[in-house]
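Taken together, the values in this text are just the output of simple stated rules run on the coordinates, not laboratory data. Because the structure is predicted, anything quoted here is derived from the model rather than measured. Cβ coordinates were reconstructed from backbone atoms using ideal geometry, including for glycine residues, and neighbour counts include every protein chain displayed.
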Amino acid sequence: MTIYGLYGITHGGGYLLTLMSPEGASAVLRHVTPGADLSVHALNDALPQYHARRAGALERLVEAYGITVLSRDEWVDKKVELGDAIYR
């Protein structure tokens, strides 16, 4: 499964990773399990966000699932390329 990620910061100063895939958000949620070091925030019609509870958790998630981390500009381009399929 191809998964793309974008690092971000929460309003409270925590770290998060937003994920998208050509297979859709529901496929990401089924495939990527958070474990004890992460929490998942997934709203309808939004991309899932994995929030770190401990240092290094996001990096371990990226490594475990082979997530391709993109820059902000690459992320925007990839979202346009993949279209609305990422939200299903």
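Enter the angle in degrees (range 0 to 90, nearest 10) between the Cα long axis of helix 72-82 and the first principal axis of the Cα atoms of the chain, meaning the one along which they spread out most.
For 72-82 against the chain, the angle is about 40 degrees.
Note the listed values (1) 12.8, 38; (2) 17.0, 61; (3) 12.0, 33, then indicate which one is Rg and Dmax of the Cα atoms in Å calculated from this particular structure.
Matching entry in (1) 12.8, 38; (2) 17.0, 61; (3) 12.0, 33: (3).
Net charge near SER21: determine it from the other residues with C-beta under 11 Å of the C-beta of SER21, scoring Lys and Arg +1 and Asp and Glu -1.
Its environment carries a net charge of +2.
Comparing GLY13, GLY66, GLY24, which has the greatest mean-square fluctuation in the GNM of the chain with Cα pairs linked when under 10 Å apart?
Judging by the Gaussian network model, the answer is GLY13.
Rank ARG60, ARG72, ARG30 by mean-square fluctuation in a GNM of the chain with C-alpha springs under 10 angstrom and give only the top-ranked residue.
Top of the fluctuation ranking is ARG30.
For the chain, what is the calculated [θ] at 222 nm in deg cm²/dmol (nearest 500), taking -39500 (n - 2.57) for each run of four or more DSSP H residues and dividing by its residue count?
So the calculated ellipticity at 222 nm is -8500 deg cm²/dmol.
How far apart, in nm, are the 7 Å Cα→Cβ label points at GLU74 and LEU29?
Once both label points are built, they end up 2.7 nm from each other.
Running a GNM on the chain with Cα contacts under 10 Å, which residue among LEU19, LEU43, LEU58 ends up with the highest mean-square fluctuation?
LEU43
Relative contact order for the chain using alpha-carbon pairs under 8 Å, separation at least 6, rounded to a whole percent?
34
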